[in-house]
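The values are calculated or read from the model by the stated rules, or taken from the named source; none is laboratory data. Because the structure is a prediction, the values reported are computed rather than measured. Every residue, glycine as well, gets a Cβ built from its backbone with ideal geometry; the counts of neighbours run over all protein chains shown.
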Amino acid sequence: MVVGQAEEEIHGVLVEAVRTGLIFRLEGAYAFAHDRVREAAYALISEDERAASHLHIGRVLVSRTPSQEVEEKIFEIVNQFGPGDGADRNGRGTGTSRRA
């Protein structure tokens, strides 16, 4: 799990968004009902927070994707590193995209 919270906690937080139709609950995941809803939610997150979130998601995907599945999921993984692979808090590049 990427967010590090129990599934029940996540369901509790998102139940109203599901009820109103902004997102859909899928098997083991959630999806936005429309690209515009996703874009609006994304716009509410600061650029620094977005970069950090993408980097975290990318790292979780790399660590949890079995080696035999990396090739089929490579674009999903690399797409997370693109926006998140800037400099770390000390100004050094993370270099994670090259490893992915």
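Only one entry in Gly12, Gly82, Gly58 is surrounded by 10 or more Cβ atoms within 10 Å (Cβ to Cβ) and over 14 Å from the mean Cα position of the chain (by Cα), namely Gly12.
Annotation note: of Leu44, Leu55, the sole residue that is in contact (Cβ under 8 Å) with a residue 12 or more places away in the chain and either touching a helix residue (DSSP H, G or I) at 6+ places or on another chain (Cβ under 6 Å) or of a type in the set (A, V, I, L, M) (or both) is Leu55.
Conditions tested, residue by residue: (1) within 14 Å of the chain's Cα centre (by Cα); (2) modelled with pLDDT under 90; (3) part of a helix (DSSP H, G or I).
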position: Val18; (1), (2), (3): no, no, yes
position: Arg25; (1), (2), (3): no, no, no
position: Tyr42; (1), (2), (3): yes, no, yes
position: Gly91; (1), (2), (3): no, yes, no
position: Ser97; (1), (2), (3): no, yes, yes
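To keep it simple, each residue is scored yes or no on (1) in the same structural domain as Gly82 (by TED's automatic domain parsing); (2) within 23 Å of Phe81 (Cα to Cα).
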{"position": "Val15", "(1), (2)": "no, no"}
{"position": "Val18", "(1), (2)": "no, no"}
{"position": "Arg25", "(1), (2)": "no, no"}
{"position": "Phe32", "(1), (2)": "no, yes"}
{"position": "Ser67", "(1), (2)": "yes, yes"}
